[in-house]
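Asks: First the structure, then my questions, so here it is.
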Amino acid sequence: MTDGHRSNASREPVVYRLSKMSGFAFEKAIATLFERLGYTTEIPGRTSDFGRDVIATSSDETIIIECKHTQSGVGRPVVQKLHSATLSFDDSARGIIVCTGGFSEPAKDHAAELGSVLKLWSYEQLVRRGRQVDVYFRSEAQGTDLVFEPSLRSDGDLEVTVRKHWADHIASDPRPPREVLMPTVTRSRRLPALRIRYRLDEQFGTSTYPNLHRVRDRGTLIVGVDTDVTPVESDYWSKASFDVRRTDPVDGNPPSALFGIDLDSRAESVKRKVARSNSTSVRYTGRNNQTYTKSCIVEPEDVETDVLQVFVPRQTLDLRIGPTSGRVWIAQERGRTPRVVESDEFDADLLRDIGDGEPAVLCNDCATLQREATAPRPCEECRRTLCQAHHWDHPPAVFGSARVLCADCYRDISEHSALSGSPLRRTSRAVLGALIPPVGLWPEGFRVGALLALFVPAGLVTTGLTAGTTQGPTLYAVAALVWVVAATAVLKRTSNVRAHHRNRVELQAYERDWKTDAS
Ligand SMILES: [Zn+2]
Ligand SMILES: [Zn+2]
């Protein structure tokens, strides 16, 4: 059974209630099961019954199925009869006997001798195979619980809700978020699960101190029957109201013991777990000032549980954002915010947080989503939203902060940037320029700075030194400061020019991943 077979979005669970079923209805149910397992089926009918009730054919094989919906078990003669029927039918044919009443020991022994040519399916095997393809057999003998499911939005409603919800919290420019995020429901599944509610309220004490310790605990668990329910789903569905009772397609009555599992034993394991985690020992001081320890052991039977058989929906959305496409699994109940369960290509945690209102930014160069807290500002020229990898910082002329730009705006500005084609890129020039700032600043166009750097110390030498007055040291300090600032400016300018040059080289090879008309 491949996943591909199960991707039928509209496939509803089928429920068969065995206790009310005729032999012919049972044959039809088995035929439906095999159709869902990927076979074409045929019911030859009563008149031609040579121990072949249903014939299931695939491209690889033919299976002759004998259906016995009886209270009593099947004996060895039935096995022999079907075996000879398969032999007379076709060399490659094999046989399956489905019997809800079980099999006698000689029948099992004989089938075991025949090997893979003939298989016996008991009620349990039937239930197990059926569950894999959303066909459910139930039997009064297995219990009396009902099956519930929550009410859901329609596929169209879900798409609109998810899209709006995400778009509201995603900044995207120039492509508007609502036009970019296009989720489509491609598959809806209902996973059989149990909702187990537990409650515990116990008091521990001694005859003198009756209220020594009180344990209170309550909670709801969602446990998958075959398919694992993820922690996110368990959390989401534990708060859901399972108020839609599934009706039985056979006779319209509510189904019972649908999943064919022992509900009491599942509840028992939850009781044991809750009891263990709440057991403790307390220390207390008696009237005689002695310290005592009282162990407060919770017994599993002190924990109350109720178990509900439920269908937990899991919907798959195909999501395409620019060049990235992937699947997103959603949990959604009508009236509640849908929640992202898992995703193959996208960051499920981030999508979940966006759904909860965390602002995010969509890079219009590569289509990745980033939390607003970690994303750079949009392009200062054209407002394009960018990610960490695709924003370009244009350095300032000397001091100051860089400008955040997109690739296009950087290329435009780069043409007339004061940092382009500067001689200071060479290390020797930069070192010389820093040692003698006037030499460094003059060819860069900072003439005033260069003259200041040149004349202030020269002036000091003539005035401050010769006069030998009290202003001497102060003037010295000012002169030194001017010199240091000028030298720092030369070094800063050098590193800005280099950064700019690196950006220009990288930009020559840079191409956007996300190319559309809207770019
Ligand atoms: Zn990017
Ligand atoms: Zn721009």
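Asks: Could you tell me which of the residues Ala111, Ala93 is crowded, with 20+ Cβ neighbours inside 10 Å and at pLDDT 85 or above? Write out each step before concluding.
Replies: On the way: Ala93 fails: crowded, with 20+ Cβ neighbours inside 10 Å.
When all the criteria are applied, what remains is Ala111.
Asks: Here's another thing I want to ask about it. Of all residues being surrounded by 16 or more Cβ atoms within 10 Å (Cβ to Cβ) and modelled with pLDDT of 90 or more in segment 96-108, which is nearest to Met21 (Cα to Cα)? Just the residue, please.
Replies: Here the residue is Val98.
Asks: Out of all the residues in segment 367-382, which are hydrophobic (A, V, I, L, M, F, W, C) and either within 11 Å of ligand 2 (Cβ to nearest atom) or touching a Phe, Trp or Tyr at 6+ places or on another chain (Cβ under 6 Å) (or both)?
Replies: From segment 367-382, those hydrophobic (A, V, I, L, M, F, W, C) are 367, 369, 373, 375, 379, 382; that's our starting set.
Once the filter is applied, which keeps residues that are hydrophobic (A, V, I, L, M, F, W, C) and either within 11 Å of ligand 2 (Cβ to nearest atom) or touching a Phe, Trp or Tyr at 6+ places or on another chain (Cβ under 6 Å) (or both), segment 367-382 yields Ala367, Cys379, Cys382.
Asks: Hey, can you tell me all the residues within segment 464-477 that are assigned to a helix (DSSP H, G or I) and either at pLDDT below 75 or surrounded by 14 or more Cβ atoms within 10 Å (Cβ to Cβ) (or both)?
Replies: Gly464, Leu465, Thr466, Ala467, Gln471, Gly472, Pro473, Thr474, Leu475, Tyr476
Asks: Taking Thr293 as meeting all but one of (1) exposed (fewer than 12 other Cβ atoms within 10 Å of the Cβ); (2) within 24 Å of Arg218 (Cβ to Cβ); (3) hydroxyl-bearing (Ser, Thr, Tyr), write down the number of the exception.
Replies: (2)
Asks: Here are Val485, Val490, Val456: which of them is surrounded by 14 or more Cβ atoms within 10 Å (Cβ to Cβ) and modelled with pLDDT under 75?
Replies: Every option except Val456 fails the conditions.
Asks: Can you tell me which condition Ala85 does not meet? The list is (1) modelled with pLDDT of 90 or more; (2) more than 30 Å from Asp228 (Cβ to Cβ), and all the others hold.
Replies: Just one mismatch for Ala85, condition (1).
Asks: Does Leu419 satisfy the criteria of being more than 16 Å from ligand 1 (Cβ to nearest atom), at negative phi and touching a strand residue (DSSP E or B) at 6+ places or on another chain (Cβ under 9 Å)?
Replies: yes
Asks: Ok, one more. Within segment 383-402, take every residue that is within 20 Å of Gln508 (Cβ to Cβ) and out of contact with any strand residue (DSSP E or B) (no Cβ under 8 Å at 6 or more places or on another chain) and give me the one that is nearest to ligand 2 (Cβ to nearest atom).
Replies: The qualifying residue nearest to ligand 2 (Cβ to nearest atom) is Arg384.
Asks: Next question. From the list Val147, Val135, which residue is within 23 Å of Thr32 (Cα to Cα), out of contact with any Asp or Glu (no Cβ under 8 Å at 6 or more places or on another chain) and not assigned by TED's automatic domain parsing to the domain that holds Glu35?
Replies: Val147
Asks: I'd like to verify a number: residues in segment 361-374 that are within 13 Å of ligand 1 (Cβ to nearest atom), touching a residue at least 24 places away in the same chain (Cβ under 8 Å) and touching a strand residue (DSSP E or B) at 6+ places or on another chain (Cβ under 8 Å), how many?
Replies: Residues in segment 361-374 being within 13 Å of ligand 1 (Cβ to nearest atom), touching a residue at least 24 places away in the same chain (Cβ under 8 Å) and touching a strand residue (DSSP E or B) at 6+ places or on another chain (Cβ under 8 Å): 6 in total.
Asks: So, one more: Hey, among Leu82, Leu87, which residue is free of Cβ contacts under 8 Å to residues at least 60 places away in the same chain and either polar (S, T, N, Q) or crowded, with 16+ Cβ neighbours inside 10 Å (or both)?
Replies: Leu82
Asks: Of all residues in segment 403-420, count the ones that are free of Cβ contacts under 8 Å to residues at least 40 places away in the same chain and more than 14 Å from ligand 2 (Cβ to nearest atom).
Replies: Residues in segment 403-420 being free of Cβ contacts under 8 Å to residues at least 40 places away in the same chain and more than 14 Å from ligand 2 (Cβ to nearest atom): 3 in total.
Asks: Residues of segment 209-253 being surrounded by 14 or more Cβ atoms within 10 Å (Cβ to Cβ), under 30 Å from Tyr292 (Cβ atoms) and either over 33 Å from the mean Cα position of the chain (by Cα) or modelled with pLDDT of 95 or more (or both), which ones?
Replies: Once the filter is applied, which keeps residues that are surrounded by 14 or more Cβ atoms within 10 Å (Cβ to Cβ), under 30 Å from Tyr292 (Cβ atoms) and either over 33 Å from the mean Cα position of the chain (by Cα) or modelled with pLDDT of 95 or more (or both), segment 209-253 yields Tyr209, Leu212, His213, Val215.
Asks: Go through segment 160-203 residue by residue and tally those that are within 28 Å of Arg131 (Cα to Cα) and under 20 Å from the mean Cα position of the chain (by Cα).
Replies: Keep residues of segment 160-203 that are within 28 Å of Arg131 (Cα to Cα), which gives 184-198.
When the remaining residues are screened for being under 20 Å from the mean Cα position of the chain (by Cα), the result is 184-193.
The total comes to 10.
Asks: Tell me the residue from Arg384, Arg327, Arg352 that is assigned to a strand (DSSP E or B) and either more than 16 Å from ligand 1 (Cβ to nearest atom) or farther than 23 Å from His501 by Cβ (or both), please. Break it down stepwise before answering.
Replies: Numbers: Arg384 fails: assigned to a strand (DSSP E or B); Arg352 fails: assigned to a strand (DSSP E or B).
The match here is Arg327.
Asks: A further question on this structure: Would you be able to say whether some residue in segment 421-440 is within 60 Å of the chain's Cα centre (by Cα), part of a loop (DSSP other than H, G, I, E, B) and modelled with pLDDT of 75 or more? Don't jump to the end; show me each part of the working.
Replies: From segment 421-440, those within 60 Å of the chain's Cα centre (by Cα) are 421-435, 437, 440; that's our starting set.
From the residues that got through so far, the ones that are part of a loop (DSSP other than H, G, I, E, B) too are 421-422, 426.
Subsequent filtering for residues that are modelled with pLDDT of 75 or more retains none.
Looking for residues that are within 60 Å of the chain's Cα centre (by Cα), part of a loop (DSSP other than H, G, I, E, B) and modelled with pLDDT of 75 or more, one finds none in segment 421-440, hence no.
The values are calculated or read from the model by the stated rules, or taken from the named source; none is laboratory data. Keep in mind it's a predicted model, so treat the numbers as computed, not measured. All Cβ positions, even for glycine, are placed from backbone atoms using ideal geometry, and neighbour counts span all protein chains on display.
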